[in-house]
1. Work out which helices of the chain, taken as complete DSSP H runs, extend at least 18 Å along their axis over the Cα atoms and score a mean Kyte-Doolittle of -1.0 or more, then list them.
2. Could you look at the chain and say what percent of its accessible area is carbon and sulfur, using a 1.4 Å probe and all protein chains?
3. Excluding ligands, DNA and RNA, what is the solvent-accessible area per residue of the chain at a probe of 1.4 Å, expressed in Å²?
4. Below 8 Å, C-alpha to C-alpha, sequence gap of six or more: please give me the relative contact order for the chain in percent.
5. Note down the accessible area of Ile107, probe 1.4 Å, to the nearest 10 Å².
6. Among the lysines, select those whose C-alpha is under 17 Å from the C-alpha of Lys68, and discard any that sit fewer than 8 residues away in the same chain.
Amino acid sequence: MKSKPYFYRDKKSEKNLREEDKENLIIDRDEKEERLHEQFTLRERFLNFVGVYYEKLLYNVLTKISYKLSFIFIPFILLILTFVFLSPRIGFVLFPSSDESIINIDIK
């Protein structure tokens, strides 16, 4: 993978690095241009937004009981609603009746 000729500084992440990793980061950033966060491309801004949203959502799911219950019951309710409303339209039968007119014969 080709490395980019620029980098963005993330002080929050950098403060958690070990000394060895900080040295590697300095070496990797040598001769690269530092860009400010306002210079993010549209793709990078979108991915940062998704990352921040996911981090908040994951924190809430892991710490709050209401989020835990909603992440269990909402998919279950959607599954039941799918069986009720969608299966009759596509001809789905949950428990098909046995077909007694078919006979299997094995000849050796």
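The values are calculated or read from the model by the stated rules, or taken from the named source; none is laboratory data. Everything quoted here is computed from the prediction, not taken from an experiment. Heavy atoms of the whole protein, side chains included, go into the accessibility calculation; ligands, DNA and RNA do not. Shrake-Rupley method; radii C 1.70, N 1.55, O 1.52, S 1.80 Å.
1. Qualifying helices: 42-63, 65-85.
2. Working: 6700 of 10670 Å².
Heavy-atom surface of the chain belonging to carbon and sulfur, 1.4 Å probe: 63 percent.
3. For the chain, the per-residue accessible area is 99 Å².
4. About 20 percent, as a whole number.
5. Surface open to solvent at Ile107 totals about 150 Å².
6. Partners within reach: Lys56.
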